[in-house]
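As structure tokens, the structure follows; a few thoughts come after it.
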Amino acid sequence: MKSPFRPASPPDTAILDDHKPLVRSLERRGFVRGGLSLGALAMLTGCDVTRPEAVEAALLAISRFNDGVQALLFDSNKLAPTYPASMILRPPKFNAYYDVTNVQPVDGAGWRLEVSGLVANKRAWTLSDLQALPQRSIVIKHICVEGWSYIGGWTGVPLRAFLERVGADLRAKYVAFKTADDYPSSIDMASALHPQTLLALQYGGETLADPFGFPMRLRTAVKLGYKNPKWVTAIEVTNDYPGGYWESLGFPWFAGI
Amino acid sequence: MASLRLMLVCGMLAVATAAHAQSKTPGGMPPPPGMSLAESTAMRFPQPVRVGDLVGRAVLRPVESQDVLGRVRRVVRDQNGRIMVVVEFGGFLGFGGRPIAVPVDAMVLLGQDMEIVAFTPEQLRQFPTFSPTGTTDVPADTIIKVGLAKPSH
């Protein structure tokens, strides 16, 4: 069928032939390449692309820009999909920046959760203190940046309830974590207050096993797997960008799902 | 144009480094020489798993390409009481494999899959074809303990 928008006198097709080299140069990859070099690199940093460190700085600037866009798009009221308990993988999948044989179990009786930064009450918490708080269970998908995923069932204290309990400044930008395995991590306050973000104490209705973060780990449905530190020992509420283990190696910080 | 190309290469390098960074130390290493399978499993934080949940799982090779070696067909106790995982080994696209019995302590759990960490594919090819004579099936509701590994990529 003839398009109703077709002009009465179409342009001469020879025009296309005249501009063939230009059209060819606009093929998709070339376009992206050109866009990255001219637009992003020059405008974001005004850098000299012959210097690798300038290129890295530019790429990191793009990554930070992506983080900002993701933070803008984040909807605190939107819940991630949940699943029936029958779909929980038992045991869960292990991952860390080292193999399981290097896991150093944490003694639950001697464990303390330090609280610092923009909070009213900096008293340290014991495991039984945390167990005494109201608990919430969620069955959510763990999605790894490496491309795999599994469905897991987690029980623990909603991070929002914990932050309210310690009198945290909920307008602060970041909630940062330190862990027993030297894996610092941090998330934005909006994600920290999301109802599907837990200080997890149990998996599948049982106490967390050693390789999965006993006595307490972060488990959030709104971030990629590497934003879920295990064996958490300290929580800090801060306005200074805390970064994280993989983030310092170039991984995106926001890492939302 | 040269600078553009350099920038692209650097970008790719950055991506490659990042992808590599998730595996600072490899997962699923074979037991050190002289160590028994049981001892090596004890180092891998063995976790309870339902036998029925193992049947049908893919069995992978602990290398970056995670080649599928076969699938778990059943779990049995051999004449000596050892728990063995019967793996439909080899073949092509699920056809033409043969069952071999692999000691459970030679294997690890990798999420929804399993891996054989203590034997190479060459060694597995020498395994005799499994014969059920003298073995008993481990009931599906039995809980056994199997070691863990991190992904090999």
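Quick note: the coordinates plus some simple rules give every number you see, no bench work behind them. All values derive from a computational prediction rather than experimental measurement. Cβ coordinates were reconstructed from backbone atoms using ideal geometry, including for glycine residues, and neighbour counts include every protein chain displayed.
Arrange A:I187, A:I257, A:I140, B:I143 by Cβ neighbour counts within 10 Å, fewest through most, would you?
Exposure proxy ranking, most exposed first: B:I143, A:I257, A:I140, A:I187.
Apply the a/c threshold of 1.5 to the C-alpha gyration tensor of chain A and tell me whether it is rounded, prolate or oblate.
Prolate is the answer for chain A, as a/c is 1.5 or above and a/b outweighs b/c.
Is the shape of segment A:81-172 rounded, prolate or oblate, going by the alpha carbon gyration tensor and its root eigenvalues a ≥ b ≥ c, with a/c under 1.5 for rounded and a/b larger than b/c for prolate?
prolate
Please compute the modelled spin-label separation between A:L72 and A:A161, points set 7 Å along Cα→Cβ, answer in nm with one decimal.
Here the answer is 3.5 nm between the modelled labels.
Would you kindly derive the ³J(HN,Hα) couplings of segment A:217-223 from the backbone phi angles with the Karplus curve 6.51 cos²θ - 1.76 cosθ + 1.60 (θ = phi - 60°), listing them in order in whole Hz, with x for Gly and Pro?
Whole-Hz 3J(HN,Hα) from phi for segment A:217-223: 9, 7, 9, 10, 7, 9, 9.
Which of the trypsin sites (Lys or Arg not before Pro) found in segment A:158-257 are loop residues per DSSP with 15 or fewer other Cβ atoms within 10 Å of their Cβ?
When the trypsin sites (Lys or Arg not before Pro) of segment A:158-257 are filtered for loop state and at most 15 Cβ neighbours within 10 Å, A:R171 remain.
Using θ = phi - 60° and the Karplus relation 6.51 cos²θ - 1.76 cosθ + 1.60, list the HN-Hα couplings for segment A:201-209 in order, rounded to whole Hz, with x at every Gly or Pro.
Once θ is set to phi - 60°, the couplings for segment A:201-209 become 10, 9, 10, x, x, 10, 3, 3, 7 Hz.
Taking the alpha-carbon distance from A:K223 and a cut-off under 19 Å, which aspartates and glutamates remain once sequence neighbours fewer than 8 residues away in the same chain are dropped?
Qualifying aspartates and glutamates at Cα under 19 Å: A:D67, A:D75, A:E146, A:D188, A:E236, A:E247.
Between A:T13 and A:T207, what length in nm is gained on full extension when 0.36 nm per residue of separation is reduced by their alpha carbon distance?
Contour length minus the Cα-Cα distance gives 62.6 nm.
Past 29 Å, Cα to Cα, is the threshold; run A:K122/B:K145; A:K78/A:K173; A:K78/A:K122 against it and keep the listed order.
Violating the 29 Å Cα-Cα cut-off are A:K122/B:K145; A:K78/A:K122.
Where nothing but the Cβ of Lys and Arg (+1) and of Asp and Glu (-1) is charged, how large is the charge dipole of chain A around its Cα centre, in debye to the nearest 20?
Rounded to the nearest 20 debye, it is 740 debye.
Taking a ≥ b ≥ c as the square roots of the Cα gyration tensor eigenvalues, with a/c under 1.5 meaning rounded and otherwise prolate when a/b beats b/c, else oblate, which class fits segment A:87-134?
prolate
Taking the beta-carbon count within 10 Å as an exposure proxy, list A:L201, B:L124 from fewest neighbours to most.
With the sparsest Cβ surroundings first, the list reads B:L124, A:L201.
May I ask you to evaluate 6.51 cos²θ - 1.76 cosθ + 1.60, the Karplus curve with θ = phi - 60°, for each residue of segment B:41-46 and list the ³J(HN,Hα) values in order in whole Hz, giving x for glycine and proline?
Whole-Hz 3J(HN,Hα) from phi for segment B:41-46: 5, 4, 6, 9, 6, x.
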